[in-house]
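K.L.:
Here you go, one structure.
What follows draws every value from the coordinates through simple rules; no lab data is involved. Just so it is clear, the model here is predicted, and its values are computed rather than measured. Ideal geometry is used to build each Cβ from the backbone, glycine not excepted, and the neighbour counts take in all protein chains shown.
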Amino acid sequence: MSAPLPPGATIGILGGGQLGRMSALAAARLGYRCHIYAPEAESPGMQVAAAHTIAPYEDAAALARFAAAVDVVTFEFENVPAATLAALEPLAPCRPGVGVLQVCQDRLAEKAFLARAGVPVAPWRAVHTEAELTAAVAEIGLPAVLKTTRMGYDGRGQAVLRSPDDLAPAFARLAPKPLILEAFVPFVAEVSAIAARGVDGALAVYDAVENRHHHHILDLSFAPARVSAATAALARRHAGQVAEALGLVGLLALELFVLPDGTLLGNEIAPRPHNSGHWTMDACLASQFEQHVRAVAGLPLADPARHHDAVMKNLVGPEGLAAWPRLVAQPGVAPHLYGKAEARPGRKLGHANRLLALGSLAEMDDATALKGL
Ligand code: AMP
């Protein structure tokens, strides 16, 4: 086990988006500097970091200079090429390591891994050819969801198959191959739980939250999830199991489907801070970003306890930006903006956390919970 990074040390972050930005802000509060590495020149993370490198993820010379300038490397975006992290690993400690990235970049590896870690998943099959798709549908049945195994996010790269006529067009449209076919899960809610794991193997797991999507993009998180105590405890336990099974040093979000009987099926692992954890910035003593920084810096993890209930609302695209003047003036709401240059449709520009008295959300209807957001 390695000693904690001393104050003033530099954390290298691959990826320049809002997750890196909020990690850098949390790192600064703990006395660390951040160096952001990203291909894009105008990135939210670079605006708040002590140093940055603008270079492709494949630029070996730039990666070597970056490794020499930082004390530890992490990432805020799991589609960083695995080869990038593999090139950095001999040069600087990488937390999480390339093995974690590889599992989470590939839905086939991820599904197999979840089952090995003791998290049940919906039936699934790997699909390389149209014939395999036909065979997989014969076994799994319809409806089913066909997804790309790589680079999918916010609902991109997937199709719901409802009739046999849907198979060929969906197979032709989705790329790159291979694909994964999953049974359609008749869930009553989607929840997620965030777990940090330190260099000493200690775990800190936040309360599970309920997530609602709009056009496949996260719209709202309700913290805590309004599910049974047993379901909530199981979601947290599963997140911890996955962190342990991965040997993670860092932080992850585990997304799960809640079935009508309260049982859970694992969907996705994000081995980094996650949009469904933004509520922790205002409703916990230590946010997910601070926890991520603590884990990668080798500090003791903080108490993940919640001191308020909260509802997080994402600000997406021009409509999200239009709500900003109202939200910034709203009592009881903590607003966050990511400094993005353009308010393109579908882009996450910020979020707002409405704080509620601890324990009050369980009894609230949606209209009351969302007042002011
Ligand atoms: P994903 O990219 O896997 O997170 O999927 C995006 C969204 O599609 C999820 O949040 C669900 O709302 C829906 N979805 C994904 N997989 C399934 C499934 N097997 N059954 C039902 N809905 C799904």
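K.L.:
Taking a virtual spin label 7 Å from the Cα of Ala245 along the C-beta vector, which residues in the range 254-298 bring their backbone nitrogen under 12 Å of it?
P.N.:
So the set is 266-269.
K.L.:
For the chain: lysine pairs with Cα atoms under 16 Å, gap of 8 or more or different chains, count?
P.N.:
5
K.L.:
OK, next. Ranking Trp324, Trp124 by Cβ neighbours within 10 Å, fewest first, what do you get?
P.N.:
Trp324, Trp124
K.L.:
Give me Leu246, Leu30 sorted ascending by neighbouring Cβ count inside 10 Å, so fewest comes first. It would help to have the intermediate numbers written out before the result.
P.N.:
Values: Leu246 22, Leu30 15.
Ascending Cβ contact count within 10 Å gives the list Leu30, Leu246.
K.L.:
If you don't mind, there's one more thing I want to ask. Tally Lys and Arg at +1 and Asp and Glu at -1 over the other residues with C-beta under 13 Å from the C-beta of Arg306: what net charge comes out?
P.N.:
-3
K.L.:
Moving to a separate point now. Quick one: which residues, 5+ away or cross-chain, put their amide H under 5 Å from the amide H of Ala225? H built at 1.01 Å from N.
P.N.:
Those qualifying (amide H under 5 Å, at least 5 residues apart or on another chain) are Ala208, Val209, Glu210.
K.L.:
What FRET efficiency comes out for the pair Ala3/Asp165, r = Cβ-Cβ distance, R0 = 45 Å, nearest 0.05?
P.N.:
Computed FRET efficiency for Ala3 and Asp165 comes out at 0.15.
K.L.:
If I take R0 = 35 Å and measure r between the Cβ atoms of Ala343 and Ala138 in this structure, what FRET efficiency does the formula 1/(1 + (r/R0)^6) give, to the nearest 0.05?
P.N.:
According to the calculation, E is roughly 0.15.
K.L.:
Stretched out fully, how many nm does the piece from Ala82 to Ala51 gain, at 0.36 nm a residue minus the Cα gap?
P.N.:
Result for the pair: 8.9 nm of gain on full extension.
K.L.:
Additional query: Taking only DSSP H segments of four or more residues, each worth -39500 (n - 2.57), what value at 222 nm results for the chain once the sum is divided by all its residues, to the nearest 500 deg cm²/dmol?
P.N.:
Calculated at 222 nm, the ellipticity per residue is -8500 deg cm²/dmol.
K.L.:
Among Thr129, Thr74, Thr84, what is the fewest-to-most ranking by other Cβ atoms within 10 Å?
P.N.:
Thr129, Thr84, Thr74
K.L.:
Can I ask one more? Magnitude of the Cβ-charge dipole of the range 189-369, K/R +1 and D/E -1, about the Cα centre, nearest 20 debye?
P.N.:
It comes to approximately 460 debye.
K.L.:
Further question: Quick one: Karplus J couplings for the range 88-99, per residue in order, coefficients 6.51, -1.76, 1.60, θ = phi - 60°, nearest Hz, x for Gly and Pro?
P.N.:
For the range 88-99, the Karplus curve yields 7, 4, x, 9, 7, x, 10, 10, x, x, 5, x Hz.
K.L.:
Percent of alpha carbon pairs in the chain separated by more than 32 Å? The partial results should precede the final answer.
P.N.:
Details: 22231 of 69378 pairs.
The answer is 32 percent, as a whole percent.
K.L.:
Among the GluC sites (Glu not before Pro) in the range 47-116, which ones are in a DSSP loop with at most 12 other Cβ atoms within 10 Å of the Cβ? Mind listing them?
P.N.:
In loop regions of the range 47-116 (DSSP not H, G, I, E or B), the sparsely surrounded GluC sites (Glu not before Pro) are Glu58.
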